[in-house]
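A.B. asks: The structure under discussion is supplied below as structure tokens; questions concerning it will follow.
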Amino acid sequence: MDALLIGISLLDIWVHIEDDEPQRRAAALLATAALSLRRRLPLPAFLCALPATLVSDAVFATLAALYALASLSRSRVLLVVCALMFAACDITWWMWPSPTFADFSDSSDLINVTYSLATAAAPVFLGQLVQARRELSLRLAEISQAREHGRELLAQSVLAKERAQLAREMHDVVSHQVSLIAVRAGALQVGSQEPMAREAAATIRRLSVQTLEELRHMVSVLRAAGSRPTELTPQPSLADLQRLVDTSGIETELHTDLPDALPATIQRAVYRTVQEALTNVRKHAPGARAAIRIQLAEGTVRAAVTNTAPTRPALLLPGAHHGLAGLRQRAELLGGTVIAGPAADGGYELHLCLPLQQTR
């Protein structure tokens with residue numbers, strides 16, 4: 001745009017100023033050069049371009065500078081004064097030492113004065129219109145942003161109500177039932193005479209207490225809707241794998257040689273995969289043995305969980321069948337894959353592959 005305006009101004013100089021008029025040419029060239037300052041210093045640019053209107057007919061640069069001033073300035077008085085200055089210079093023919101002024105008694109000069117005033121008013125009105133349009137666009141953007149913010153607040157309010165209702169249900173129903181399980185398991189542990197039954201009751205009681213603690217933490221998180229972000233539970237890592245295996249109630253071999261400095265997302269994905277695999281073994285393959293092998297090879301974390309065929313019939317337990325789907329989604333988010341299926345010996349196997357480089 002700068003190059004285009006300067007080019008048109010130079011063409012205006014070439015058309016209206018002869019070669020033997022160096023003073024007028026210098027004033028017009030100064031006005032052309034002032035166009036480069038019209039955005040940062042619109043008023044000085046207009047004042048530098050004004051002498052060209054006084055001494056010549058090359059007025060394009062002055063009009064462009066006046067338009068820039070009108071599109072950036074909020075002072076109506078300043079714009080009126082500048083427009084009158086342009087009209088006064090336009091109707092004055094400066095010829096040193098005797099300048100010629102318009103004669104208002106002459107009808108032709110009066111027409112010229114009217115034309116000069118209209119010429120000065122045009123860039124002022126156009127600049128003000130562009131300024132109003134620009135401000136209107138900004139206001140519309142602000143309104144849209146405020147409306148979007150209002151929708152987000154409404155969604156958060158609805159979500160907070162749903163979370164509060166869910167917290168009440170978990171506290172009133174689930175926590176009560178898990179507490180009852182822990183109490184009954186404790187009574188069975190104390191009253192039973194068989195060692196295996198007492199051990200099973202102790203395991204049930206320990207898992208019930210742990211589940212109850214996690215439920216209470218989740219209830220507190222759900223009730224804290226709208227406050228600062230809170231972790232749902234303390235996030236597990238590879239250091240918790242051995243405890244997970246020991247409390248699974250399954251005869252399991254664990255082999256791992258992963259370094260401790262793996263990203264937290266990788267550690268959580270491996271832990272959740274092993275946890276889901278052991279849960280499936282416990283539900284669908286009672287009496288089976290499991291083997292867990294985790295290693296880092298060629299920049300890829302590989303975890304394999306296999307189990308033998310079940311030795312007794314599986315109990316019918318409720319389930320939503322979302323476990324493996326959730327593992328696959330978690331792995332895909334980290335650029336990895338999960339493959340699961342029956343093994344040749346009648347058991348089951350699950351393989352997790354996670355590229356280490358993509359998660360950093």
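A.B. asks: Go through the range 308-329 and count every residue that is at pLDDT 85 or above and closer than 16 Å to Glu276 by Cβ.
C.D. replies: 3
A.B. asks: For residues in the range 114-136 being within 13 Å of Tyr67 (Cα to Cα) and of a type in the set (A, V, I, L, M), which is nearest to the chain's Cα centre (by Cα)?
C.D. replies: Val130
Conditions tested, residue by residue: (1) crowded, with 16+ Cβ neighbours inside 10 Å; (2) more than 19 Å from Ser248 (Cα to Cα); (3) not charged (D, E, K, R).
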| site | (1), (2), (3) |
| --- | --- |
| Glu142 | no, yes, no |
| Glu162 | no, yes, no |
| Val183 | no, yes, yes |
| Met196 | no, no, yes |
| Met218 | yes, yes, yes |
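A.B. asks: Tell me, which residue of the range 109-125 that is in contact (Cβ under 8 Å) with a residue 12 or more places away in the chain and not small (Gly, Ala, Ser) is farthest from Val80 (Cα to Cα)?
C.D. replies: Asp109
A.B. asks: When you check Ser237 against the structure, is it in contact with a Phe, Trp or Tyr (Cβ under 8 Å, 6 or more places away or on another chain) and either assigned by TED's automatic domain parsing to the domain that holds Leu207 or surrounded by 13 or more Cβ atoms within 10 Å (Cβ to Cβ) (or both), yes or no?
C.D. replies: yes
A.B. asks: Within the range 1-18, take every residue that is out of contact with any helix residue (DSSP H, G or I) (no Cβ under 8 Å at 6 or more places or on another chain) and either in a loop (DSSP other than H, G, I, E, B) or loosely packed, with under 11 Cβ neighbours inside 10 Å (or both) and give me the one that is modelled with the lowest pLDDT.
C.D. replies: Within the range 1-18, the match that is modelled with the lowest pLDDT is Glu18.
A.B. asks: Let me ask something else. Examine the range 101-110 for a residue that is surrounded by fewer than 22 Cβ atoms within 10 Å (Cβ to Cβ) and either modelled with pLDDT of 85 or more or among the β-branched types (Val, Ile, Thr) (or both), and state whether such a residue exists.
C.D. replies: no
A.B. asks: Moving on. Identify, please: which residue in the range 323-347 is free of Cβ contacts under 8 Å to residues at least 12 places away in the same chain and not in a loop (DSSP other than H, G, I, E, B) and is, among those, surrounded by the fewest Cβ atoms within 10 Å (Cβ to Cβ)? Let's see the steps before the verdict.
C.D. replies: Restricting attention to the range 323-347, the residues satisfying the condition of being free of Cβ contacts under 8 Å to residues at least 12 places away in the same chain are 325, 328-329, 332-333, 341-342, 344.
Subset that is not in a loop (DSSP other than H, G, I, E, B): 325, 328-329, 332-333, 341-342.
Values: Ala325: 11, Arg328: 16, Gln329: 11, Glu332: 11, Leu333: 11, Gly341: 8, Pro342: 10.
That would be Gly341.
A.B. asks: Only one of Leu84, Leu69, Leu47 is touching a Pro at 6+ places or on another chain (Cβ under 9 Å), within 24 Å of Ala118 (Cβ to Cβ) and of a type outside the set (Ser, Thr, Tyr). Can you tell me which?
C.D. replies: Leu69
A.B. asks: What about Gln189, is it closer than 30 Å to Leu79 by Cβ, touching a Lys or Arg at 6+ places or on another chain (Cβ under 9 Å) and surrounded by 15 or more Cβ atoms within 10 Å (Cβ to Cβ)? Give the steps one after another, and end with the answer.
C.D. replies: On the way: closer than 30 Å to Leu79 by Cβ: no; touching a Lys or Arg at 6+ places or on another chain (Cβ under 9 Å): yes; surrounded by 15 or more Cβ atoms within 10 Å (Cβ to Cβ): yes.
It is false that Gln189 is closer than 30 Å to Leu79 by Cβ, touching a Lys or Arg at 6+ places or on another chain (Cβ under 9 Å) and surrounded by 15 or more Cβ atoms within 10 Å (Cβ to Cβ).
A.B. asks: I'd like to know if the range 188-208 contains one or more residues that are modelled with pLDDT of 75 or more and under 30 Å from Cys353 (Cβ atoms).
C.D. replies: First pass over the range 188-208, keeping only residues modelled with pLDDT of 75 or more: 188-208.
Keeping just the survivors that are under 30 Å from Cys353 (Cβ atoms) gives none.
No, that holds for no residue.
The values are calculated or read from the model by the stated rules, or taken from the named source; none is laboratory data. Owing to the predicted nature of the structure, the values given are computational and were not obtained by experimental measurement. In this analysis, Cβ positions are derived from the backbone assuming ideal geometry, glycine residues included, and neighbour counts consider all displayed protein chains.
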